[in-house]
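To start, the structure under review is shown below, and the notes come after it.
The values are calculated or read from the model by the stated rules, or taken from the named source; none is laboratory data. What you see is a predicted model, and the numbers here were worked out from it, not measured in a lab. Cβ coordinates were reconstructed from backbone atoms using ideal geometry, including for glycine residues, and neighbour counts include every protein chain displayed. All accessible areas refer to the heavy atoms of the entire protein, side chains included, with ligands and DNA or RNA removed. Shrake-Rupley method; radii C 1.70, N 1.55, O 1.52, S 1.80 Å.
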Amino acid sequence: MSSLEVEFSPDAMEATGKLFLRGRAGFKEAHYLRKALFDAIAVSGDKNLVVELGEMEWMDTTCMAVLVEGLMATREGTTAIFLMCPSESVRKIFQLAGLEEALTRCYSCWDDLQISVAS
């Protein structure tokens, strides 16, 4: 049984959908995470997509790579991905991989995101 829980809310905000991740994700959950992420990107259309990471207890580099793949896939499209509230363990795995730059679109609360999306 997967220890990763995923919940998608396509209309969390007017111009933003939300993908909420909770639990633990290793290489066994990477395929599930990738499918959920890219399904959310497809459903979001021209909306932005927030990936909420605050309740991720642990994530390995395989799942981190899936998130980076999503960021890269939306770079030139109409959907932008925002990583929000990463837990300390998620921040550490990005840091250990030398990918802190992927967290530059990282916000600590909805108010920060709303200001950034509006600009």
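Per-structure values
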item	result
Count of the stretch 20-35 residues which are in contact with a Ser or Thr (Cβ under 6 Å, 6 or more places away or on another chain) and hydrophobic (A, V, I, L, M, F, W, C)	2
Some residue of the stretch 35-45 being at pLDDT below 90 and crowded, with 22+ Cβ neighbours inside 10 Å	yes
Matching residues, the stretch 1-34, being touching an Asp or Glu at 6+ places or on another chain (Cβ under 8 Å), among the charged types (D, E, K, R), open to solvent by 50 Å² or more (accessible area, probe 1.4 Å) and part of a strand (DSSP E or B)	22, 24
Test: residue in the stretch 1-15 that is within 23 Å of residue 100 (Cβ to Cβ) and modelled with pLDDT under 90	no
Complete set of residues in the stretch 46-86 that are in contact with a strand residue (DSSP E or B) (Cβ under 7 Å, 6 or more places away or on another chain), open to solvent by less than 20 Å² (accessible area, probe 1.4 Å) and over 17 Å from residue 8 (Cβ atoms)	59, 86
Filter result for the condition that a residue is over 17 Å from residue 99 (Cβ atoms) and not polar (S, T, N, Q), over 37, 49	49
Verdict on residue 115 being in contact with a helix residue (DSSP H, G or I) (Cβ under 8 Å, 6 or more places away or on another chain) and at pLDDT below 90	no
